[in-house]
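Bear in mind these aren't lab numbers, they're just calculated from the coordinates by the rules spelled out. No experiment lies behind these values; they were computed from the predicted model shown. Every residue, glycine among them, receives a Cβ derived from its backbone with ideal geometry; neighbour counts consider all protein chains shown.
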Amino acid sequence: MSYDEQITAMEQEFSRELLAVAAAEDLRRLERSFLHVKKGRIRELTRGAAFAELDVEARRSHGAEAAQLEQKMRALLDERLENLTHKDHETTPDIGIDFSLTADVQPGSIQPVMIIQAALEDIFRGMGFRVDEGFEVETEYFNFDAVNVGPDHPARDMQDTFWLENGLVLRTHTSASQVRALRAYGAPLRIIFPGRCFRQEETDASHETSFYQCEGLMVDRGVSVANLLGVMRTLMSEVFEREVKVRLRPGYFPFVEPGFELDLRCLICDGTGCKVCKQSGWVELMPCGMVHPKVLEAGGVPAGFSGFAFGLGMTRLAMMKFGIPDIRLFDSGDLRFHSQFPASA
Ligand code: DAH
């Protein structure tokens, strides 16, 4: 190996080892290994019989090259030490990116119904409910028959259905998941299933062919209307972040007996009467009731259990919470609408 090759080989070896350095003590070891006054590997370049046999001139120039390499190594060691002790670089490898630069990134938006859904999931989990999803494409049985809507039941017409060519339906309500849930998990059970529903509707400011509901089910021994009211009051107070008043009116749905409409004391006028509550002081919020015995039976729930169910209109709730005047805005793709719900404020 010529002298030049020896110098190059030493430099390459040093660089390789320097790359593997992870901490300051590795650096000290590297320094000792190459540059120690007596035992450093760089001394091999100016030692030994071959070096001694060189003439004065050659020894001087070789010595100068070795000294130059030593200087270069020291500079590299210093630079690496500087990097290692600088806080930002302690955990980040030096890959040529300046992590201190601020980025001009648009965080995007969250669809407002999803904001409501996340809040509901949080609140219900806090009350011991599990969260499930159900299926958007359902069998006729689970969408209708299982929840006590027989083949000739007029309620089938109340919910204009999208039928698929294979005989399945796009679920018209999240109640379609009630019996699936009862069969899957058994009683006692506390569960919500938020999700998308579909109906063949004429669209206007409050009707769309697709919208979101959040179905809830609580089945246990001794569950009564008092539990239903308690859960609903807690829910609404948390969603609207203030005390709310609720009331029940009789309502008819085949899957509950008795069935109710739950109204919310108008949050705009506090019950004194305004445009939003059509001067009644109350806003209709969600249908609910005690689970019909036929539904419990279809779900395989043993005798001795009772339960309540509710079908909260999540799209409607989002409209009330955020003051959204037209349901068609949700799917409009209109950035002026969506950018009002930034992902991070
Ligand atoms: N499934 C009904 C609908 O979409 C809403 C509903 C009413 C759900 C009463 C319920 C309930 O769980 O108890 O019109």
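Some observations on this one:
- Between Lys39 and Lys275, the modelled label-to-label distance comes to 9.0 nm, taking each label 7 Å out from Cα in the direction of the beta carbon.
- Most fluctuating residue given options Arg328, Arg199, Arg242, as computed from a GNM of the chain linking Cα atoms under 10 Å: Arg242
- Based on C-alpha pairs under 8 angstrom that are at least 6 apart in sequence, the range 160-241 has a relative contact order of 27 percent.
- Net charge dipole, the chain: roughly 1280 debye, given to the nearest 20, about the Cα centre with Cβ charges of +1 for Lys and Arg and -1 for Asp and Glu.
- Over all other residues within a Cβ to Cβ distance under 14 Å of Pro188, the charged ones net out to +2, with Lys and Arg as +1 and Asp and Glu as -1.
- No Cys partner within the rule (Cβ under 4.7 Å), the chain: Cys197, Cys214, Cys288
- The base-10 log of I(q)/I(0) for the range 288-332, evaluated at q = 0.17 Å⁻¹, reads -0.60 [Debye formula, identical scatterers on Cα atoms, solvent excluded].
- Considering every alpha-carbon pair of the range 3-91, the percent of pairs per 10 Å bin, from zero through the bin containing the longest distance, is 16, 45, 25, 11, 3, 0.
- Of all the options Ser15, Ser109, Ser237, the one that moves most in a Gaussian network model of the chain with Cα springs shorter than 10 angstrom is Ser15.
- Gyration tensor (alpha-carbon) shape descriptor, the chain, a/c threshold 1.5: prolate
- Here the Gaussian network model covers the chain, with springs between Cα atoms less than 10 Å apart; of Thr315, Thr174, Thr102, Thr102 fluctuates the most.
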